[in-house]
1. Given the structure, is Ala287 more than 30 Å from His437 (Cα to Cα), assigned to a helix (DSSP H, G or I) and without any contact (Cβ under 8 Å) to a residue 40 or more places away in the chain?
2. Since Ala73 meets every condition but one in (1) among the small types (Gly, Ala, Ser); (2) closer than 23 Å to Ser181 by Cβ; (3) surrounded by 18 or more Cβ atoms within 10 Å (Cβ to Cβ); (4) within 20 Å of the chain's Cα centre (by Cα), which condition does it not meet?
3. For Ser401, work out the one condition from (1) surrounded by fewer than 15 Cβ atoms within 10 Å (Cβ to Cβ); (2) touching a Gly at 6+ places or on another chain (Cβ under 9 Å) it doesn't fulfil.
4. Within region 146-158, identify whether any single residue is on the phi < 0 side of the Ramachandran plot, assigned to a helix (DSSP H, G or I) and of a type in the set (Lys, Arg), and answer yes or no.
5. Counting just the residues of region 8-56 that are in contact (Cβ under 8 Å) with a residue 12 or more places away in the chain and of a type in the set (Gly, Ala, Ser), which one comes out farthest from Leu99 (Cα to Cα)?
6. Any residue at all in region 393-402 that is of a type in the set (Gly, Ala, Ser) and more than 24 Å from Glu58 (Cα to Cα)?
7. From the list Gly328, Gly356, exactly one residue is at pLDDT 80 or above, within 27 Å of the chain's Cα centre (by Cα) and closer than 20 Å to Leu135 by Cα. Which is it?
Amino acid sequence: MSTTLRLGNYNYILLIIILLVSAFTHLWNASGFPDIFFDEGVYMHRTMHVLNGLGPQEGSYYDHPFFGQIFLAGVLAIIGYPQSLNPSGDASSISLLYLVPRLVMGMLAVVDTFLIYKIADKRYGRSVALISAVLFAVMPITWIFRRILLDSILLPFLLLSILLALYSKDSKHNNLLVLLSGVCLGLAIFTKIPAFTMMPLVGSLVFFNNRKHFKMLGLWIIPVITIPLIWPLQSIVSGQFSYWIHYVFYFQTHRMGGSDLFAISKAFGQIDPILFGLAAASIVFAAIRKNYLILAWFVPFVIFLYLIGYTQYFYWIPVIPVMCIAAGILIVELSKKIPRIKIAKICPIVVIVGIGIFGIVNLTQIITTNMSRAEYAATSFVANEPDYDNDTSILASSTYSWIFSDIFHKKHVLLDYSIILFQPLNTSKAILVADPHFIIDLKRGKQLVDLYQSTQPIATFDGNLSKYDTSNYPYQSLFSTYEGSHIEIRVKK
C-alpha cells in the first residue's frame, strides 16, 4: 500500500511539473510571439461585437458558427475587458489588447495538456499519459496554440467530450456523463464545423462503453445535433438562411488561396520534424495494432482536410493531441522490447526527461522572440494620426481594424481593406496600413493596386527602427525587433 501511494504521489508531482512547463511554454511572452495574425483580428472583432451587445452574428457573412466569440466574450467580460485595461494610443497599451485574449488561449492549452494526460491515462496507462502530456507541453508545433483561433477554443471541449465518454463506462452516473459528452462535442461543432468528424470516435466510445445501448447513443447525439443547429436557426429567424446556405455549402468549399493537405503537412514537418516523424510512425503502428481510438480520431479528420482542399497549417490543432498520444504509445511499446527489465522500466522516464529538455530548449528559443512590436507600433501610429478626420477612411487588415473601430471608435474604418474590391470609399482621404498581408493581396484586384499607387508613405516600421516623416508627421520614435516585418503607413490626401 505504501509503495503504491509513493508511486502515485510521484506521478502526480510529475504531472504538476508538466502543467507548470505547459504554462510557461504557452503563456510566456504571449503578446510578443508569434506575430499577430489576420484571423486573430477577425475573431477579436467578432468578440467585441458580442461584448458591445450587438449579438453573436455580424451581418450576413456565415463562415463559422458563433460559439467561439460568445465563449471568448464571456471570459473577457469577467475581467471587464477592454475598459479595465484603460486602453490608450501607446504601443505598449495596444499590446495588452492582444495579450489578454492570448493569455486565455494559453490557459486553454494548459487545460488541454491536463485533459490529454487524463485521456491517455484512462485508456493506455500512466506512462503513455505522462509522455503524451510532455509532448503536447513542449514540442515546437504547440506554439500555434498561442494564437486566438477557433480551433484552439474548440479543442478543450472536444477533449472533454472524449474523456467523459471514456469515464461513462461502468459509471453510476453514466447517463449524466454521456449527456455532458454530447454537450461538449456539440459546443465544439458549434465553434467550428470540422469538429463533426469526431462524431464517429466519440459516438462509438459511448456506444461500446455502455453495453451497446442505443438509448445511450440517442441521449448523447441529441445535444451533438441540436446545439450546432442554433446557427442555421438564427439565420432563419434573421431572414438570412439563403446567405447561410451560400456561405456554408458553396463559399467554404470553393475558397481560394489556401494550402492543400500536402502543403500543410510539409509545413508541420518544417516546424516540428521530430513530432511529425514520431506521429507518422505512430499512426502506422496504430493501424497495425488496430488501435481504434487513435485511428478514429485521426483518419476521418485528415480525410476531411484532403477533401475540402482549402487548408491552413493551424488546421492540425484538433489532431495534435492524438499525435502526442499515439507517439506515447509507440515509445512505451518499444521500451517493452528492451530485454533488460530494469532498463525497460526506467526507459519511459528517461524519454520523458529527454523530450522535456529537448522541447523546452528549442521552444524557449522562439517564444522569447518579440515578433509583434512593429505591428503594435504601426497600430499606435495610426491611432494617434493627427490628420485623421471625419473625411478619412482607415484601410487595414482585420489584424488592426478592430482596434481602430472597437477600441478607439474611429469612424470610416473598413473591417478589411478588401472591401474596396466591392464598393468605393465614401471619403476623399484615406490612411492605409500596407503590411505583408496587403502586399500579397495586391494580386486580388486592380482596386487594391490603384489604392496603393494613389497613396504616399509617411511611416515605415521595419527591422529595428521605425522611420517616419518628421517634417509632416511629427511622432515619437518607435522600435521593432522583428526583422521580418515591413509595414508602411500610407496616406491619400
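The values are calculated or read from the model by the stated rules, or taken from the named source; none is laboratory data. All values derive from a computational prediction rather than experimental measurement. Cβ sites come from the backbone with ideal geometry, for glycine too, and all protein chains shown count toward neighbours.
1. Working: more than 30 Å from His437 (Cα to Cα): yes; assigned to a helix (DSSP H, G or I): yes; without any contact (Cβ under 8 Å) to a residue 40 or more places away in the chain: yes.
It is true that Ala287 is more than 30 Å from His437 (Cα to Cα), assigned to a helix (DSSP H, G or I) and without any contact (Cβ under 8 Å) to a residue 40 or more places away in the chain.
2. (2)
3. (1) is the only condition that Ser401 fails.
4. Here is the first cut: in region 146-158, the residues on the phi < 0 side of the Ramachandran plot are 146-158.
Among the residues that remain, those that are also assigned to a helix (DSSP H, G or I) are: 146, 150-158.
Retained after the next criterion (residues that are of a type in the set (Lys, Arg)): 146.
For region 146-158, residues on the phi < 0 side of the Ramachandran plot, assigned to a helix (DSSP H, G or I) and of a type in the set (Lys, Arg): present.
5. Result: Ser22.
6. Filtering region 393-402 for residues of a type in the set (Gly, Ala, Ser) gives 393, 396-398, 401.
Next, only the ones that are more than 24 Å from Glu58 (Cα to Cα) stay: none.
Taking every residue of region 393-402 in turn, none turns out to be of a type in the set (Gly, Ala, Ser) and more than 24 Å from Glu58 (Cα to Cα).
7. Details: Gly356 fails: at pLDDT 80 or above.
The unique qualifying residue is Gly328.
Quick grid of which residues meet (1) crowded, with 24+ Cβ neighbours inside 10 Å; (2) outside any helix (DSSP H, G or I); (3) at pLDDT 95 or above:
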position	(1), (2), (3)
Val128	yes, no, no
Leu160	no, no, yes
Ser171	no, yes, no
Gly182	yes, no, yes
Thr197	no, no, yes
Leu201	yes, no, yes
Leu205	yes, no, yes
Pro223	no, no, yes
